[in-house]
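Asker: Here's a structure for you.
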Amino acid sequence: MTGKIKILAVDDSKSTLEVLKRNLESSGYEVLTALRVDEALPLLEEYNFDVVITDYKMPQATGLELIRHVRENHRDVEIMMITGYPSISGAVDAIKDGAGEYLPKPFTSEELLSAMDRISERINRRKAAEPAEQPDENFGIYGNSPQMQLVFRRIGKAAATNANVLISGDSGTGKELVARAVHYHSDRRAAPFVPVNCAAIPDSLVESELFGHVKGAFTGAKEGRAGFFEIANGGTIFLDEIGDASPNMQAKLLRVLQSKEFCKVGSSVVNTVDTRVLAATHKNLKRLVDDGSFREDLYYRLNVVDIPVPSLAERGDDILIMISSFLDRFSKAMQRATPRMTGEALQALRNYSWPGNVRELENLIQRLVVIVDHDPIEVTDLPDNMRFSLPVEGRVDRSLPMLNESISKMCWP
């Protein structure tokens, strides 16, 4: 069978099967049919179906029994129940047993295709959440979006040179991961990668922290110590939160970037250093330059190659790839089976704005793996601010397919 969405239609009415096959195949789906459940079972074993459409009442085994079999043995297959005997109890039973759509007969081609559109969306969402086929060489950075493909290209170009790099992006977007990817793809990978939080160094200790000091350089200096630049010699120093660097730190950094030389505190000996500089900031450095709070000469020294990292909200379905990766990672750490997420839960997370970006997502998935003790993880397991509204009104008629998610939340075991 081809790469199209594959459907198995099961109904004891040949005319119904003909209608289903004609309408669905004309819309690009691939359809096989069976008149009874016992005919459907070997087909389920032979082919990897995406969807099973089944009648409610059939001789011998019923549609509900088929739904239970599919749900227990083919957990990722979507199910649509069709029936000429619509009732609220039938809808509840079908959805409780795993049917994602419930379509009463007679139905129009528009109603059938509308239900299949909803199923197709869930299938595509689930497939997007499958583990990304990306090598570990990306150092934990996942994404297939155009924005992330640009980041990967910039990483490759930056790694091929010794030029300084400025990585920009909101907090939590993974700027340090990008810096590590640049370093470990470069010729300096065998030498140290030294991260430095510029915002955490007191102004009085800037010179000592960056360049080191000799014994007796100041009170309490009982022995000499290497600074960050010396430790990173031959490798890479990563200046995180460079936008928060004090004017004093900016001046010290500019000097060592220009001359590749420094003196330890308490010494007049000039040391040369071969250290590549990667810097990151969540602030707009150009605006800080315009405001006079960041040195323009240092800005241009740092911003030889720029790598802007997009926010999680800008990355589309990349979030589904990361959810899958985080679920797998934290489940393995806890030595438990990796749980699934319902399509509704995935869609809720897909629609959330993620002000904390990847860091917030990672924290959430870890918390869900620790706290939730059932499978799959549902919308109701998510924090209140991440859930979306579900419909609560409707009738058991043509609008019933639109109520499936509401019913399933009321009666799912």
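Asker: If you check Leu302 against the conditions, is it open to solvent by less than 70 Å² (accessible area, probe 1.4 Å), within 23 Å of Gly243 (Cα to Cα) and not acidic (Asp, Glu)?
Answerer: yes
Residues checked against (1) charged (D, E, K, R); (2) not in a loop (DSSP other than H, G, I, E, B):
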residue	(1), (2)
Ser171	no, no
Ala199	no, yes
Ala217	no, no
Glu223	yes, no
Glu230	yes, yes
Ile237	no, yes
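Asker: What is the residue count in region 1-42 for residues that are out of contact with any strand residue (DSSP E or B) (no Cβ under 6 Å at 6 or more places or on another chain), open to solvent by less than 70 Å² (accessible area, probe 1.4 Å) and over 14 Å from Asp55 (Cα atoms)?
Answerer: Residues meeting the conditions: 5.
Asker: Another question about this same structure. Considering only region 249-278, state which residues are touching a residue at least 60 places away in the same chain (Cβ under 8 Å) and in a helix (DSSP H, G or I).
Answerer: The one that is touching a residue at least 60 places away in the same chain (Cβ under 8 Å) and in a helix (DSSP H, G or I): Leu257.
Asker: Under 6 Å between Cβ atoms, at least 6 apart or on separate chains: pull out the pairs that start in region 90-113 with a residue that is among the aliphatic types (A, V, I, L, M) and end on any residue that is at pLDDT 75 or above and open to solvent by 10 Å² or more (accessible area, probe 1.4 Å).
Answerer: Qualifying pairs under 6 Å: Leu112/Asn23; Leu113/Ser27.
Asker: Kindly list the number of the only condition in (1) over 23 Å from Arg75 (Cβ atoms); (2) assigned to a helix (DSSP H, G or I) that fails for Gly28.
Answerer: So the condition that Gly28 fails would be (2).
Asker: Residue check, Ile321 against (1) modelled with pLDDT under 90; (2) under 25 Å from Val182 (Cα atoms); (3) loosely packed, with under 13 Cβ neighbours inside 10 Å, all met but one. Which one?
Answerer: (3)
Asker: The conditions are (1) crowded, with 18+ Cβ neighbours inside 10 Å; (2) over 30 Å from Asp76 (Cα atoms); (3) not hydrophobic (A, V, I, L, M, F, W, C), and Arg315 fails exactly one of them. Which is it?
Answerer: So Arg315 meets the others, but not (2).
Asker: I've got another one for you. Tally time: how many residues in region 325-344 are open to solvent by less than 60 Å² (accessible area, probe 1.4 Å), at pLDDT 90 or above and part of a helix (DSSP H, G or I)?
Answerer: 5
Asker: Mind checking which residues of region 142-170 are closer than 18 Å to Glu314 by Cα, among the hydroxyl-bearing types (Ser, Thr, Tyr) and at pLDDT below 95?
Answerer: The answer is Tyr142, Ser145.
Asker: Please determine, by comparing only the residues of region 231-267 that are in contact with a helix residue (DSSP H, G or I) (Cβ under 8 Å, 6 or more places away or on another chain) and among the hydroxyl-bearing types (Ser, Thr, Tyr), which one is surrounded by the most Cβ atoms within 10 Å (Cβ to Cβ).
Answerer: Thr236
Asker: Could you say whether any residue in region 176-199 is open to solvent by 60 Å² or more (accessible area, probe 1.4 Å), in contact with an Asp or Glu (Cβ under 9 Å, 6 or more places away or on another chain) and more than 20 Å from Ala280 (Cβ to Cβ)?
Answerer: So far as region 176-199 goes, no, none of its residues is open to solvent by 60 Å² or more (accessible area, probe 1.4 Å), in contact with an Asp or Glu (Cβ under 9 Å, 6 or more places away or on another chain) and more than 20 Å from Ala280 (Cβ to Cβ).
Asker: Give me the pairs, please: first residue somewhere in region 58-70 and touching a residue at least 60 places away in the same chain (Cβ under 8 Å), second residue anywhere and open to solvent by less than 30 Å² (accessible area, probe 1.4 Å) and in a loop (DSSP other than H, G, I, E, B), beta-carbon distance under 6 Å, and either six or more positions apart or on two chains.
Answerer: none
Asker: I'd like the residue in region 290-324 that is of a type in the set (Val, Ile, Thr) and in a loop (DSSP other than H, G, I, E, B) and, out of all such residues, is nearest to Ala163 (Cα to Cα).
Answerer: Within region 290-324, the match that is nearest to Ala163 (Cα to Cα) is Val304.
The values are calculated or read from the model by the stated rules, or taken from the named source; none is laboratory data. This structure is a prediction, so every number in the text was calculated from the model and none was measured. A quick note on method: Cβ atoms are made from the backbone with ideal geometry, for glycine too, and the neighbour counts reach across all protein chains shown. The accessibility values were calculated without ligands, DNA or RNA, using every heavy atom of the protein model including side chains. Shrake-Rupley method; radii C 1.70, N 1.55, O 1.52, S 1.80 Å.
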